[in-house]
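To keep things clear, I will list the structure first and then write my remarks on it.
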Amino acid sequence: MKSYSKVFLQTLTMSIAVLLASSQLFAAEKRCTAQGKKVECPVQSDKALLAAQEAYEKEATDMAEGKAGSTYGIAPFDYLTGVGKRTEGTTLSEGDSGYGDSSTGRTELWDRVANASEGEAIYNQWTNNWSPSFDETLVAGADPNEGKQWYYVYCITCHGWTLQGDGPSALAIDPKPRILTAGNKYMNQKTNLELFTAIKGGGEAVSLSSSMPAWGNFLMDQDIWNIVAWIRAMSDVGQPKSIEEYLNPKSSYQMSASDVNPLNVKENEDFLDAQEMMEIDLGGRGGGALVGGGYVEGGLRKKPEDVADKVGKKY
């Protein structure tokens, strides 16, 4: 009887230990939060990230050798993403890219001279030939087209060209970059304020990892809002299977009138509180002209009211 009781207690103890370990693992998987609730962090597997890293390396090698062709498994994705590996003498998948020692030295950019745009539109004339563009926004007062440009500069290395969390540096990062297109499972549950805070203040500002840097020292608030609009426009957009699908993404995100946006930030207490804390934590804030969160005229940047007017006119 004593022997039976001993075995029973040992079995019970082991079962409890397994349950505790499983609970800890489950909790670890649900480290991310959305509106205060713990949710599973959407990330790519190491296998997927290794494949993506190899694709980026292939892109660099092909470009150096002057080869046109597809990359990342999406033909001809390298052309769409802005590398422009196409000239008049090539197709989208084969031929001389215009780069490399054996090339003509002329890329497709040299061929794009007809109907040139003027003013601020000249930049988007080029980039929007290779990536999605929008005539509306899902974040009032923010421009997803301009947010896309900032995303391509600062965010691709971790989150990838198509926001799938598979940038060339993603494999080396722990924890892994989030899949920003995981809409209904994750991103759509997060408020605009949560997204804004994570970008401006970094992961630590939303109780996550410092692997997500604070971009508030590089980007103005309006730039960050534009990135939020770009992310919303790409919600639940999968890895495209065709050029048509890539250039015409369908977002699952639904605007909420109660959510904070660039037009109503001054009346939103939660935003003002978060802004105050981020300004304290960000380096380089010495008062006067160095205080963040303001607005500096120049470039393609517009004030929220001007963005709303631009979007209302369908650009």
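Couple of notes before you dig in:
- In region 303-315, the residues that are surrounded by 13 or more Cβ atoms within 10 Å (Cβ to Cβ) form Cβ pairs under 7 Å with partners that are of a type in the set (G, A, S) and in a loop (DSSP other than H, G, I, E, B), at six or more places apart or across chains, as follows: P304/G141; V307/G141; V307/A142; A308/A140; A308/G141.
- Selection of first residues in region 200-211 that are assigned by TED's automatic domain parsing to the domain that holds K176 and more than 15 Å from I224 (Cβ to Cβ) and of second residues that are at pLDDT 90 or above and of a type in the set (D, E), restricted to Cβ pairs under 6 Å at least 6 apart or on distinct chains, gives the following pairs, ordered by first then second residue: S210/E204.
- Residue in region 167-174 that is small (G, A, S), in contact with a His (Cβ under 7 Å, 6 or more places away or on another chain) and crowded, with 21+ Cβ neighbours inside 10 Å present: yes
- For G141, the test of being in the same structural domain as K303 (by TED's automatic domain parsing) and out of contact with any Lys or Arg (no Cβ under 9 Å at 6 or more places or on another chain) is failed.
- Scanning region 30-61 for residues that are touching a Cys at 6+ places or on another chain (Cβ under 8 Å) and without any contact (Cβ under 8 Å) to a residue 40 or more places away in the chain yields a count of 2.
- Region 196-213, subset surrounded by 21 or more Cβ atoms within 10 Å (Cβ to Cβ) and of a type in the set (A, V, I, L, M), residue farthest from M277 (Cα to Cα): M212
- The numbered conditions (1) buried (at least 19 other Cβ atoms within 10 Å of the Cβ); (2) without any contact (Cβ under 8 Å) to a residue 60 or more places away in the chain; (3) touching a Ser or Thr at 6+ places or on another chain (Cβ under 8 Å) are all true for V265 except (3).
- Residue that is modelled with the highest pLDDT [pool: residues in region 121-146 that are acidic (D, E) and exposed (fewer than 13 other Cβ atoms within 10 Å of the Cβ)]: E136
- If you filter region 153-190 down to residues that are β-branched (V, I, T) and not in a loop (DSSP other than H, G, I, E, B), you find that the one that is nearest to I224 (Cα to Cα) is V153.
The values are calculated or read from the model by the stated rules, or taken from the named source; none is laboratory data. Predicted model, so just to flag it, every value in this text is computed and none were measured. Glycine gets a Cβ as well: all are built from the backbone with ideal geometry, and neighbour counts include every protein chain shown.
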